[in-house]
Each structure stands twice: as C-alpha cells, then as structure tokens.
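The values are calculated or read from the model by the stated rules, or taken from the named source; none is laboratory data. Only a predicted model underlies this, so the values are computations on that prediction, with no experimental measurement involved. Methodologically, a virtual Cβ is constructed for each residue, glycine included, from the backbone with ideal geometry; neighbour enumeration extends over all protein chains shown.
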Amino acid sequence: MRCGISDIFFDHNGAVNLGNPGLTVGPFSSRAVGWKTSSPPREDHSAAGMELEYKRYERENRTMTSHETTNHLQKKPDSLSHVEHVGTPVSILSLNPAVDITYTVPRLIVDQKAHAVSTRFDPGGNGINVGRALKRLGIMADSFCVTAGETGHLLERLLVNHLDTVHYERVDGETRINGTIQEQESGIQYEVSGIGPPVPARQLASLLNTFVQHAGRGFGVLTGSILPDLSIGLYADLVGRIREAGGFPVVDTHHESLRRAITARPFLVKPNRHELETLTHSTLSTPQKVAEQARRIQQQGVDFVCISLGGEGALLTSSENTFYAEALKVKVESTVGAGDSMVAGLLAAFVRGLSCADTLRLAVACGSGTVEQAGTELFSTDAIATLSKRIKIKTMNI
C-alpha cells in the first residue's frame, strides 16, 4: 500500500526511486516532482490576482511529458487515488516566523558576560523550517508568511535562497527573534522563543483565504503555536476549510490547538511523545503505549498519525497498520528543527506516493540528519541516503 497521493518521476540525473527496496536518495531537483525551473509569480495579494498568477505558474511549471502522463495514469496509489496530478502542491502557513540567532559559548556564568565562540543567523519558525527542508528534498512549496519591521526585512533577505515561492503579508511591529545558546562545557542547549507581532483581522483574513485556495490543490501545512491574539480553534477551522476545498491538511501543533484540530479530521498530525502525553493526560512509557494512543487518534478520522519519540525513534499509524523505526545512533548537536524536518520528510514521501514504511524511513532520516547540525541548521541532502539505509522499519500490528 502506498502512503502518499502521487507518483514521482525522475530525470536521468535526478533522485533514485525511494519506493524501491534498498532505498537511496538524491541528488534532488525541482524536475524530480514534475516542475520546470521558472521565475516565481509576482506578488499580488488580491484573491483574483493570486488565482490568475497561480494558474499561470502551474501552466508554466507543471508541464508533464507524454511519457510522464502515461506512467502517472497507470500508477495511481491505493489510497487517495482520485488525486491525479504529479508533484502535488504543498502550501505552508507561517503566521509567526522568526530570525533564529544561535550562540555557542564555552559556559554560562551567573551575572557574568559570556563571550560567544560562534554566532549564526538563520530563518526560523516551524513553517519556515518545513519549507527549507522541503526545498532540500526537491519538493516545491508555496509559503505564506507574516513579516514585520526591520527584523522582517532581515528574515526576507535570509529566505531568498531557502524557499521557492513566498507570499509575504507585511504588518506593523517586528518579526520575532528566537535565541539558542549552546554551552560547550555541559553540552546543554538553552532556547528562548520570542513574541511575534499581532496580525490585523483584515490582513489575516486575506492571507488565510489565499492560503486555503492554494492548499485546496494539494497539502496545506499548519504548524507551530497560535499567536496569543488569535482563536485557539484557528487550525481546526483551517483543517475544515482545506478539506472542503479538496486539499489535505497537515497539522503539527500542541495542546488545545492540537486537540481541536484532531476533531476536524486532518490528513496527518505529528505530535511528539510529550505533546501526545499532554493531549491524552497519560504517561506513555513505551512505543507500544504510544502506538495504542496513536491508533485511537487515527480512528477519530485522521488518515495518518506520526509520533516522534526522541531517542526511541518514531512511529507512523495508518488505517492499515502501525510502523515503527528505532532511533539512529548519531551525534546530537542541536534538536532545533528536527520535528519540522520530519514533517517535511513525511510530506515529500506522500507527494511521491511511497509506501508507509519508506515514508517513515525518510522522515526519520530527515530528523536524524538535522540533529547532527549545529544551531538551527537543517540536514544536508547528501546525508539522507546514508541515513536512510541504516533505518529499520518494523510493523507493530496495532
């Protein structure tokens, strides 16, 4: 059984088929998912303008050869086979992006100034990280992003080489700054998440309407916390709207926002074990207990449930079975972005129509590759093939 909703087609210099036994990966290119390189659509945030520009962009960039069209029609996946386009579009909502600053210091001393031995700046926020990871996996995505002030301008400059197509909504205030401090002496990592700007109701409605229009053609990714001034039920509402528009909503959030989103029946949810324990008010000490709770969520109408287990790996529950991957033994430099990388790996696999086992394998490889990187850097594409070969998948029959 395939987990995804579309097949992928490779050129002679592109990625190796991930669906085959002995899974290998990359190099990836935009060509691998049926796109041709072209300039992105101009920024026109009116609904009519965005609709016209997106249709033009799809015509120019999603042209299939007759060979690809024939193969695609002959290879519809078992699940969601009514979706008949190659390289299913991915749309990502980033209401609260950030500039991530990472300091590496020898050690922190109370009331003393610590001098960094290295400093790095990265575009950040959950949705931004998912988009960055998808680009490395050769999956084209549209990101819908709120920016503000001078920090927002810095974020936009940082994103130039990290995302494919970004639709910015400029608001008053300042884009938040997140801080990570890595202490060399202890190996401890400290993280501080900043506060983002409020989004006026009119601008929010315009951005969400455009996002839903795009997400209705494929996947709509809802990730990260909800801004304090917005309804905690926002993601649940968007799940329903994306479903109604014909798309497949993907949710990675926590607490009450996650609980409400699940009731709206998204295509995929990806909490970690702690978030699942909070959601279910229980202690889940083994993968078996986690899998049982994941199955309960799946039976509420969620197509796929992926739970990351930190040092114990991850599991993926579908209507057919639950698949488990043990964690790889890698040197952990930073855990920032690991969950987002897993979401990107899942999406890439769904777009390609991989089996559930290979879907989980790719997701775990992406997460493992990211924890090997310093600061908020994500996995390297070259490492994914090597990591994937080391990942063993077991069926749990739950």
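Scanning region 177-189 for residues that are under 26 Å from G149 (Cα atoms) and not polar (S, T, N, Q) turns up I177, G179, I181. Listed by first and then second residue, the pairs with beta-carbon distance under 7 Å, at least 6 apart or on different chains, first residue in region 321-343 and without any contact (Cβ under 8 Å) to a residue 40 or more places away in the chain, second buried (at least 17 other Cβ atoms within 10 Å of the Cβ), are A338/G367; A338/T370; A338/V371. When every residue of region 274-285 is checked against the conditions, at least one turns out to be at pLDDT below 95, within 23 Å of A363 (Cα to Cα) and buried (at least 21 other Cβ atoms within 10 Å of the Cβ). The single condition among (1) closer than 26 Å to T317 by Cβ; (2) touching a residue at least 60 places away in the same chain (Cβ under 8 Å); (3) out of contact with any helix residue (DSSP H, G or I) (no Cβ under 7 Å at 6 or more places or on another chain) that R296 does not satisfy is (2).
Taking the conditions exactly as written (surrounded by fewer than 14 Cβ atoms within 10 Å (Cβ to Cβ), of a type outside the set (G, A, S) and at pLDDT below 95), does D100 satisfy them or not? Steps first, please.
Details: surrounded by fewer than 14 Cβ atoms within 10 Å (Cβ to Cβ): no; of a type outside the set (G, A, S): yes; at pLDDT below 95: yes.
No: the conditions fail for D100.
Specify the residue that is surrounded by the fewest Cβ atoms within 10 Å (Cβ to Cβ); the eligible residues are those in region 204-218 that are touching a strand residue (DSSP E or B) at 6+ places or on another chain (Cβ under 8 Å), part of a helix (DSSP H, G or I) and among the small types (G, A, S). In this case the residue turns out to be S206.
Give me the residue from region 311-355 that is among the β-branched types (V, I, T) and over 17 Å from the mean Cα position of the chain (by Cα) and, out of that set, nearest to E191 (Cα to Cα).
Filtering region 311-355 down to residues among the β-branched types (V, I, T) leaves 317, 322, 330, 332, 335-336, 343, 351.
Keeping just the survivors that are over 17 Å from the mean Cα position of the chain (by Cα) gives 317, 322, 330, 332.
Working: T317: 31, T322: 33, V330: 21, V332: 16 Å.
Restricting to residues being among the β-branched types (V, I, T) and over 17 Å from the mean Cα position of the chain (by Cα), the top hit is V332.
The numbered conditions (1) in contact with a Pro (Cβ under 7 Å, 6 or more places away or on another chain); (2) β-branched (V, I, T); (3) modelled with pLDDT of 95 or more are all true for T165 except (3). Determine, yes or no, whether H254 is surrounded by 15 or more Cβ atoms within 10 Å (Cβ to Cβ) and closer than 20 Å to M342 by Cα. When the stated conditions are applied, H254 passes them.
Which residues, counting only those in region 148-161, are in contact with a Pro (Cβ under 8 Å, 6 or more places away or on another chain) and either touching a residue at least 40 places away in the same chain (Cβ under 8 Å) or assigned to a strand (DSSP E or B) (or both)?
Quick first cut of region 148-161, residues in contact with a Pro (Cβ under 8 Å, 6 or more places away or on another chain) only: 148-149, 155, 158-159.
Listed by number, the residues that qualify are A148, G149, L155, L158.
The residue pairs whose first member lies in region 163-177 and is farther than 14 Å from G124 by Cα, whose second member is among the aromatic types (F, W, Y), and whose beta carbons are closer than 6 Å, counting only pairs six or more residues apart or on different chains, are H167/F144.
So that you can scan it fast, the table gives a plain yes or no per residue for (1) assigned to a helix (DSSP H, G or I); (2) under 19 Å from the mean Cα position of the chain (by Cα); (3) closer than 19 Å to P200 by Cα:
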position: V146; (1), (2), (3): no, yes, yes
position: L163; (1), (2), (3): no, yes, no
position: Y168; (1), (2), (3): no, yes, yes
position: G179; (1), (2), (3): no, no, no
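Screening the candidates V336, V302, V330, V364 for the property of being more than 30 Å from A116 (Cβ to Cβ), of a type outside the set (S, T, Y) and not in a helix (DSSP H, G or I) yields one hit, V302. Residues in region 259-273 that are in a helix (DSSP H, G or I), touching a strand residue (DSSP E or B) at 6+ places or on another chain (Cβ under 8 Å) and at pLDDT 95 or above: 2 in all.
Yes/no matrix, rows are residues, columns are (1) at pLDDT below 95; (2) surrounded by 23 or more Cβ atoms within 10 Å (Cβ to Cβ); (3) over 28 Å from V171 (Cβ atoms):
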site: P89; (1), (2), (3): yes, yes, no
site: I92; (1), (2), (3): no, yes, no
site: P106; (1), (2), (3): no, no, yes
site: V117; (1), (2), (3): no, no, yes
site: L137; (1), (2), (3): yes, yes, yes
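Surrounded by 24 or more Cβ atoms within 10 Å (Cβ to Cβ) and not in a strand (DSSP E or B), is that true of I232? Answer is no for this residue.
One residue stands out in region 287-310 among those that are more than 20 Å from the chain's Cα centre (by Cα) and of a type in the set (G, A, S): the one that is surrounded by the most Cβ atoms within 10 Å (Cβ to Cβ), namely A291.
Checking the structure you have, find out if any residue of region 191-203 is crowded, with 23+ Cβ neighbours inside 10 Å and in contact with a Phe, Trp or Tyr (Cβ under 6 Å, 6 or more places away or on another chain). Before the answer, list the steps.
Our first condition is that a residue be crowded, with 23+ Cβ neighbours inside 10 Å; within region 191-203, this holds for 196.
Still in the list and also in contact with a Phe, Trp or Tyr (Cβ under 6 Å, 6 or more places away or on another chain): none.
For region 191-203, residues crowded, with 23+ Cβ neighbours inside 10 Å and in contact with a Phe, Trp or Tyr (Cβ under 6 Å, 6 or more places away or on another chain): absent.
In region 181-199, of all residues being of a type in the set (S, T, Y) and in a loop (DSSP other than H, G, I, E, B), the one that is nearest to V117 (Cα to Cα) corresponds to S186.
Kindly indicate whether T376 is buried (at least 18 other Cβ atoms within 10 Å of the Cβ) and not charged (D, E, K, R). Yes; evaluated as a whole, the condition is true for this residue.
Which one is nearest to T102 (Cα to Cα), of the residues in region 305-327 that are in a helix (DSSP H, G or I) and in contact with a helix residue (DSSP H, G or I) (Cβ under 8 Å, 6 or more places away or on another chain)? Lay out the reasoning, then the answer.
Quick first cut of region 305-327, residues in a helix (DSSP H, G or I) only: 310-312.
Within this subset, residues satisfying the condition of being in contact with a helix residue (DSSP H, G or I) (Cβ under 8 Å, 6 or more places away or on another chain) are 310, 312.
Numbers: G310: 22, E312: 27 Å.
Filtering region 305-327 for residues that are in a helix (DSSP H, G or I) and in contact with a helix residue (DSSP H, G or I) (Cβ under 8 Å, 6 or more places away or on another chain), the one nearest to T102 (Cα to Cα) comes out as G310.
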